[in-house]
Amino acid sequence: MSPTRRNALGLLAGGAATLAAVRASAAPGAPQTELPDTDEPATALDTTSDRNDHMLAPVSINGQGPFNFLLDTGANISCVSHRLAARLDLKSGEQAQVHTVVGVRSRPMVVLDRLQVGPRNRRNVRAPSLPIKSENVDGVLGVDWLKGQRLVLDFKGRKMEITKSRADFGEPGRVVVVPARRRHGQLTIVDAELDGKPISAILDSGAQGTLCNRRLRDMVRATEARTRRGREPEPPQFVNMETLAGESFVGESVFLPFLRLGGLHLGNVPVTYADMHVFDIWGLKDVPSLVLGMDLLSQFEQVSLDFGRSAVRFDFV
């Protein structure tokens, strides 16, 4: 499908429930995981999915598993569920402040003697333990694994890859490469516009639906007011949402008439307005911003996030 004619699926229309994953961001001073070695071997793993279409990767903890960990490019640290911590008898000796979409929560920290993803190993990993509700999600794999490396989310092939950073080039009609910048470990697309005005966009494979903040919602309302020509606005449609940790909140359905991400053009994009804590975490509260969730990301054959070169590649189906 041509990028100029691609329409996102309306997963959020009509008040349908959605699930936004936990924004696991440890407070300053919290214990940090040992940083990865960028010379590690390339990793390619088959993935499965949960009922909300998140990608799940097989992860081993302390030689046991594999367990299903949700791939979350919006989380800057990896986490385990309370259920898995109890099963593995992981001891907690401290609490840390963990940021989620909704706010800040104090969570117990556990120590993983060894965390393994394919051929990659981490030792002495300190991770928050979270009350994850989904029974087939045992933890969250955050971007703390990806320092200076490249993550490929292969939606068509149902695989994930972690490789060395490399240069990418666009290919008209097939591949779009978009510049980004690092912000608190995540990649933020910088070459983005809504109705010709600059916006920011975070790629978040842990969120099922795409979110926008108040500033972006107000931009859409202003555009709609210019085109209504005196007609009454449509009544708002509300969406009940829940984080991976079971925190409920309500959003408002919004349709973006035209969205540009680099050379990628999207029309009539459904998003949910929820001016949540997540935008404060990334310093985007006062900047028109999107959190691009799986409803948009999974429309591509592949999405590659290069943390070494600060670029995002979109491959079309």
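The values are calculated or read from the model by the stated rules, or taken from the named source; none is laboratory data. Quick caveat, the model's predicted, so the values are computed rather than measured. Don't worry about glycine lacking a Cβ; one is built from the backbone with ideal geometry, like all the others, and counts go over all protein chains shown. The area values use the complete protein model at the heavy-atom level, side chains included, leaving out ligands, DNA and RNA. Shrake-Rupley method; radii C 1.70, N 1.55, O 1.52, S 1.80 Å.
I need the full set of residues from segment 104-121 which are open to solvent by less than 10 Å² (accessible area, probe 1.4 Å), in contact (Cβ under 8 Å) with a residue 60 or more places away in the chain and closer than 30 Å to G283 by Cα, in order please. Passing the criteria: only M109. For segment 99-122, a tally of residues being touching a Ser or Thr at 6+ places or on another chain (Cβ under 7 Å), assigned to a strand (DSSP E or B) and over 23 Å from T47 (Cα atoms) returns 5.
Against the numbered list (1) open to solvent by less than 10 Å² (accessible area, probe 1.4 Å); (2) part of a strand (DSSP E or B); (3) at pLDDT 85 or above; (4) not aromatic (F, W, Y), T188 comes up short only at (3). Scanning segment 123-144 for residues that are among the hydrophobic types (A, V, I, L, M, F, W, C) and assigned to a strand (DSSP E or B) turns up V125, A127, L130, V140, L141. The residues in segment 298-310 that are at pLDDT 90 or above and either under 24 Å from V98 (Cβ atoms) or small (G, A, S) (or both) can be counted, and the count is 2. In summary, strands (runs of 3 or more DSSP E) completely within segment 223-317 and bearing 1 or more residues that are touching a residue at least 40 places away in the same chain (Cβ under 8 Å), open to solvent by 10 Å² or more (accessible area, probe 1.4 Å) and not hydrophobic (A, V, I, L, M, F, W, C) occur at 238-243, 248-261, 264-273, 302-306, 311-315. Looking only at residues of segment 68-96 that are in contact (Cβ under 8 Å) with a residue 60 or more places away in the chain and over 20 Å from the mean Cα position of the chain (by Cα), we find that the one that is least open to solvent (accessible area, probe 1.4 Å) is A96. Summed over segment 193-203, the residues that are touching a residue at least 12 places away in the same chain (Cβ under 8 Å) and more than 27 Å from L141 (Cα to Cα) give a count of 6.
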